[in-house]
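Readers should treat all values here as calculations from the given coordinates under stated rules, not as data from a laboratory. Bear in mind the structure is a predicted one, so any value in this text is a computation, not a measurement. Because the Cβ atoms are built from the backbone with ideal geometry, glycine has one as well, and the counts that use them run over all protein chains shown.
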Amino acid sequence: MVQVTPFLLLLCLALVAPGLSSTKCVLTGKWINDLGSNMVIEAVNKDGSFKGTYNTSVSDSPHEIKKSPLLGYQQDTSQNDQTIFGFTVNWTFSDSITVFTGQCLVDKNGKEVLKTVWLLRSHVDTIKDDWKATKVGTNVFKRIEDQKE
Ligand code: BTN
């Protein structure tokens, strides 16, 4: 009986421990947001910097939408599995720039979600038009899972 108790304790730990480990939220990959825009984030460098491409599904510009580059940083992930980040998209087809900031969070189903706030700055010709040059909004991104054959 004396030997059975430690064995049962170990068994309980083995069963419970995997459920306690939280999913790490990783920025690298393909994402789609609530507007249907897509972005690809490449591997995150040691210093937290990353690059990628953004394909917006909507635009305020009269020009044809083109895939545009993004550059960003994530915070140190050594202490946190749900990283905060910021990135800039330099639109190649429009006189505008968008900055996004947000956090990579794990939802109740264990799925990664990027909750972001953005500022879209558009070019204006004169200082008197500055008041109308910046839009603000939010976007929620979900990971596009690679399709299995
Ligand atoms: C422009 O209209 O000048 C360039 C495209 C801006 C697209 C914006 S950025 C914020 C929001 N989220 C998206 O996915 N697209 C729009």
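Miscellaneous remarks
- Amide H contacts of LEU70: GLY52, THR53, TYR54, each under 5 Å away and 5 or more positions distant or on a separate chain (H built 1.01 Å from N in the peptide plane; Pro and chain starts excluded).
- Cα-Cα over 29 Å, subset of LYS24/LYS148; LYS51/LYS128; LYS24/LYS132: LYS51/LYS128; LYS24/LYS132
- Eigen-decomposition of the gyration tensor built on the alpha-carbon atoms of the range 22-143 gives equivalent ellipsoid semi-axes of 27, 15, 14 angstrom, largest listed first.
- Protection proxy ranking, highest mean first, for peptides 70-78, 98-106: 98-106, 70-78, where packing is the per-residue count of other beta-carbon atoms within 10 Å, averaged.
- Computed lengthening from THR126 to THR23, 0.36 nm per intervening residue step minus Cα-Cα distance: 32.2 nm
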